[in-house]
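K.L.:
If you scroll down you'll find the structure; I have some questions about it.
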Amino acid sequence: MDAAKSVTPGAVSHILANPSPGDPTEVPELVVQVVDLKPLGGTSRFSFIANDGKDRIKAMLPAKFAAEVHSGNLQNLGLIRILDYTCNNVPNNEKALIVTKCEIATQALDAEINSEAKKEEEPAIVLKPKDEGLVVSKPANAPPVVLKPKQEVKSASQIVNEQRGNAAPAARLSMTRRVHPLVSLNPYQGNWVIKVRVTNKGNLRTYKNARGEGCVFNVELTDEDGTQIQATMFNEAAKKFYPMFELGKVYYVSKGSLRIANKQFKTVQNDYEMTLNENAVVEEAEGESFIPQVQFNFVKIDQLGSYVNGRELVDVVGVVQSVSPTLSVRRKFDNETIPKRDIVVADDSGKTVSVSLWNDLATTTGQELLDMVDSSPIIAIKSLRVSDFQGVSLSTVGKSTLLVNPDLPEAQNLKSWYDSEGKCTSMAPIGADMGAARAGGLRSMYSDRVFLSHITSDPNMGQEKPVFFSLNAIISHIKPDQNMWYRACKTCNKKVTEAVEGGYWCEGCNKNDAQCSLRYIMVIKVSDPTGEAWVSVFNEHAEKIIGCSADELDRIRREEGDDSYILKLKEATWVPHLIRVSVAQHEYMNERRQRITVRTEAPVDYAAESKYLLEEIAKLTAC
């Protein structure tokens, strides 16, 4: 096959001339070559150059194509057939192609296509007389693609005026503007309309900070392709849209703004987050209904350790090994009894993990799994919280979704593995090692051991997700003038505020208490032979380091004076510790910074430390 004729000549020119096709069925044959395919920053998206043999354009593949890239189906120098797309404006007055739907045309070719020398070729798009429509040139001996001709040309205003008579506001909005897929949005666009379903709605919360008081709430929006984005509203916008957004309904949304998502607080898989102010337009799409596709971003069971006690939710696909009966658990904050069921799942990493199902998932889907557990069904669960219970365990939340025997490539591959070898493989719980470490062993303190310079020398470490290391370090300084603690609810440990009528108000428990407790939230400087770094420490670990509770340290400061307070802090310095830390990126004053947080702390066991060093020396001498 002549490589130069395998692409659609003039495809890039057509895309630039038609940046937003109104209907995917009107997109002609557009085959381009993928050039310079590479990951986009620390995300699951990919950038590439779309090449038609003559012209080129910067392009992007959304996260939903990541599986095709990782599996090798979509390759650099390969050909793709674009089925739907949109063009966005980016800085420097350039256009960027967002491919929202495509199919693989050909695997990787030997080289980049360049048909510049073939001047005698016909133009890619030939305009014929009005009654003959639009003909797109194709490779030799292939029938041309003929689009349906326009019988009568009308302006957009004429069409809208004809249809507006009996149309609802949301219908008018959908007719006057093209609906954009969520994956095509970026902060540089100023004029877009999206059609989304509300798949999760938060509570209207109040806050109080140095700038004053206010209220805020957020929703999770999902479009037909399954792409999600979190939208946040403050103050007047929150009051305006909170009663308007209803869970499960479909809306047209426009006049919002986007920015880079704060990875520390985001709850959906999207690089951007949306803000809606009081001038945003939100209209219910009356009569419109769709069921969003569920998009998964699976994590292997043996990789769950890095997500323990983090805010990020994970997706898991596994083989059901066991299902427990339904239990009744009494919730602390409202004393309500709710159903719970535990299941154990395994995957091809050779590890198992316990998953707690709550409420309807426990009673309905859980019973279904109990009835079919002997057949080892495959399940895919979206949005699971990872905790350190039993070392590592998973738990469903309100928005979790569970599919039984789903029609997914990952599920089919897992089923094949389990039928061929997995059922005969001995598998251990992922939390076994970490549980043993907490029970008294120190095995986890010697895994991933590094020097501080390994962390501080890479300012981008932890950009995509937190990474974990172990350190043997000395606490060299504790600042006495920092905010060492916060006032916490004695029931749930969340931050409380002073109530006007007296006492302390807890937003989590929704109640006022006469007393509160103090919990550490502090930074300390740690040092080792290669350098030093500031690390964040929270209550449980800080109590071990300081040697007393925050309430006791506050009493020393009030009753015995600053000298005794500072002496107590100095007693905690120049003491060696084994610490397990997480390294992640966070945003402060619009600047991304590295944050190192203590996750586990233990005193140095010199016998175990000597054994570890001897093992490391033996590895070096063995080489």
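The values are calculated or read from the model by the stated rules, or taken from the named source; none is laboratory data. Please read these numbers as outputs of a predicted model, since none were measured by experiment. For neighbour counting, all protein chains shown are included, and Cβ atoms are generated from backbone atoms with ideal geometry for every residue, glycine included. The accessibility values were calculated without ligands, DNA or RNA, using every heavy atom of the protein model including side chains. Shrake-Rupley method; radii C 1.70, N 1.55, O 1.52, S 1.80 Å.
K.L.:
Which one is modelled with the highest pLDDT among residues in region 376-394 that are open to solvent by 30 Å² or more (accessible area, probe 1.4 Å) and among the polar types (S, T, N, Q)?
P.N.:
The residue in question is Ser387.
K.L.:
Here are Asn309, Asn335: which of them is on the phi > 0 side of the Ramachandran plot and either out of contact with any strand residue (DSSP E or B) (no Cβ under 9 Å at 6 or more places or on another chain) or modelled with pLDDT of 90 or more (or both)?
P.N.:
Among Asn309, Asn335, only Asn335 is on the phi > 0 side of the Ramachandran plot and either out of contact with any strand residue (DSSP E or B) (no Cβ under 9 Å at 6 or more places or on another chain) or modelled with pLDDT of 90 or more (or both).
K.L.:
Which residues, counting only those in region 52-82, are surrounded by fewer than 16 Cβ atoms within 10 Å (Cβ to Cβ) and part of a strand (DSSP E or B)?
P.N.:
Lys58 - this is the single residue of region 52-82 that is surrounded by fewer than 16 Cβ atoms within 10 Å (Cβ to Cβ) and part of a strand (DSSP E or B).
K.L.:
Limited to region 345-362, what total is found for residues that are farther than 12 Å from Val316 by Cβ and either assigned to a strand (DSSP E or B) or hydroxyl-bearing (Ser, Thr, Tyr) (or both)?
P.N.:
Looking only at that region, the number is 3.
K.L.:
Take Ser254 and tell me if it is of a type in the set (Ser, Thr, Tyr), touching a strand residue (DSSP E or B) at 6+ places or on another chain (Cβ under 7 Å) and open to solvent by 60 Å² or more (accessible area, probe 1.4 Å).
P.N.:
Details: of a type in the set (Ser, Thr, Tyr): yes; touching a strand residue (DSSP E or B) at 6+ places or on another chain (Cβ under 7 Å): yes; open to solvent by 60 Å² or more (accessible area, probe 1.4 Å): no.
No; evaluated as a whole, the condition is false for this residue.
Okay, residues lined up against (1) out of contact with any Pro (no Cβ under 6 Å at 6 or more places or on another chain); (2) at negative phi; (3) at pLDDT below 85:
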residue	(1), (2), (3)
Asp23	yes, yes, yes
Ala50	yes, yes, no
Ile57	yes, yes, no
Ala63	yes, yes, yes
Ala67	yes, yes, yes
Ile80	yes, yes, no
Asp84	no, yes, no
Pro91	yes, yes, yes
Ala111	yes, yes, yes
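K.L.:
Cβ-Cβ below 6 Å, separation at least six or inter-chain, first residue in region 212-236 and within 22 Å of Val179 (Cα to Cα) and among the β-branched types (Val, Ile, Thr), second in a strand (DSSP E or B) and open to solvent by 10 Å² or more (accessible area, probe 1.4 Å): which pairs?
P.N.:
Val219/Lys201; Thr222/Arg197; Thr222/Thr199; Thr222/Gln228; Thr232/Asn218; Thr232/Thr275
K.L.:
Could you check, for region 326-334, whether at least one of its residues is part of a strand (DSSP E or B), more than 22 Å from the chain's Cα centre (by Cα) and small (Gly, Ala, Ser)?
P.N.:
In the first step, residues of region 326-334 are kept if they are part of a strand (DSSP E or B); the result is 327-330.
With more than 22 Å from the chain's Cα centre (by Cα) added as a condition, the list becomes 327-330.
Among the residues that remain, those that are also small (Gly, Ala, Ser) are: 328.
Looking for residues that are part of a strand (DSSP E or B), more than 22 Å from the chain's Cα centre (by Cα) and small (Gly, Ala, Ser), one finds at least one in region 326-334, hence yes.
K.L.:
Residue under question is Asp481, and the condition is that it be surrounded by 15 or more Cβ atoms within 10 Å (Cβ to Cβ), without any contact (Cβ under 8 Å) to a residue 40 or more places away in the chain and over 34 Å from the mean Cα position of the chain (by Cα); does it hold?
P.N.:
no
K.L.:
I would also like to ask the following. Within region 400-422, how many residues turn out to be among the small types (Gly, Ala, Ser), open to solvent by 40 Å² or more (accessible area, probe 1.4 Å) and within 24 Å of the chain's Cα centre (by Cα)?
P.N.:
0
K.L.:
Ok, one more. Every residue in region 569-580 that is open to solvent by 50 Å² or more (accessible area, probe 1.4 Å) and part of a helix (DSSP H, G or I), please.
P.N.:
Lys570, Glu571
K.L.:
Which one of Ala533, Ala542 is of a type in the set (Gly, Ala, Ser), within 13 Å of Ile478 (Cα to Cα) and assigned to a helix (DSSP H, G or I)?
P.N.:
None of the others qualify; the one that does is Ala542.
K.L.:
A further question on this structure: Is it fair to say Gln230 is at pLDDT below 90 and not assigned by the TED database to the domain that holds Arg45?
P.N.:
The answer is no for Gln230.
K.L.:
Just one of (1) in the same structural domain as Met372 (by the TED database); (2) surrounded by fewer than 21 Cβ atoms within 10 Å (Cβ to Cβ); (3) not aromatic (Phe, Trp, Tyr) trips up Pro292, so point out which.
P.N.:
For Pro292, the failing item is (1).
K.L.:
Turning to a different aspect of this structure: Of all residues in region 458-484, how many are touching a Ser or Thr at 6+ places or on another chain (Cβ under 9 Å) and either within 21 Å of Thr600 (Cβ to Cβ) or at pLDDT 80 or above (or both)?
P.N.:
Count: 13.
K.L.:
Condition first: more than 16 Å from Tyr446 (Cα to Cα), open to solvent by 60 Å² or more (accessible area, probe 1.4 Å) and in a helix (DSSP H, G or I). Can you find one or more residues in region 587-606 that meet it?
P.N.:
So in region 587-606, the residues more than 16 Å from Tyr446 (Cα to Cα) come out as 587-597.
Then drop every residue that is not open to solvent by 60 Å² or more (accessible area, probe 1.4 Å), which leaves 587-593, 595.
From what is left, the residues that are in a helix (DSSP H, G or I) are none.
No, every residue in region 587-606 fails to be more than 16 Å from Tyr446 (Cα to Cα), open to solvent by 60 Å² or more (accessible area, probe 1.4 Å) and in a helix (DSSP H, G or I).
K.L.:
Surrounded by 20 or more Cβ atoms within 10 Å (Cβ to Cβ) and either over 23 Å from the mean Cα position of the chain (by Cα) or assigned to a loop (DSSP other than H, G, I, E, B) (or both): does that describe Val373?
P.N.:
In short, no.
K.L.:
For region 485-527, which strands (runs of 3 or more DSSP E) that fit wholly inside it have 3 or more residues that are surrounded by fewer than 17 Cβ atoms within 10 Å (Cβ to Cβ) and outside the structural domain of Thr456 (by the TED database)?
P.N.:
Numbers: elements: 485-488, 496-498, 504-506, 511-513.
Because the criterion is at least 3 residues that are surrounded by fewer than 17 Cβ atoms within 10 Å (Cβ to Cβ) and outside the structural domain of Thr456 (by the TED database), the strands (runs of 3 or more DSSP E) in region 485-527 that meet it are 511-513.
K.L.:
Also, I was wondering about something else. Identify all residues within region 291-306 that are in a helix (DSSP H, G or I) and either under 15 Å from the mean Cα position of the chain (by Cα) or on the phi > 0 side of the Ramachandran plot (or both); write none if there are none.
P.N.:
Selection gives Leu304, Ser306.
K.L.:
Something else about it: Output the residues belonging to region 26-51 that are outside any loop (DSSP other than H, G, I, E, B) and among the polar types (S, T, N, Q).
P.N.:
So in region 26-51, the residues outside any loop (DSSP other than H, G, I, E, B) come out as 26, 31-39, 46-51.
If the condition is that a residue be outside any loop (DSSP other than H, G, I, E, B) and among the polar types (S, T, N, Q), then Gln33, Ser47, Asn51 are the ones that fit.
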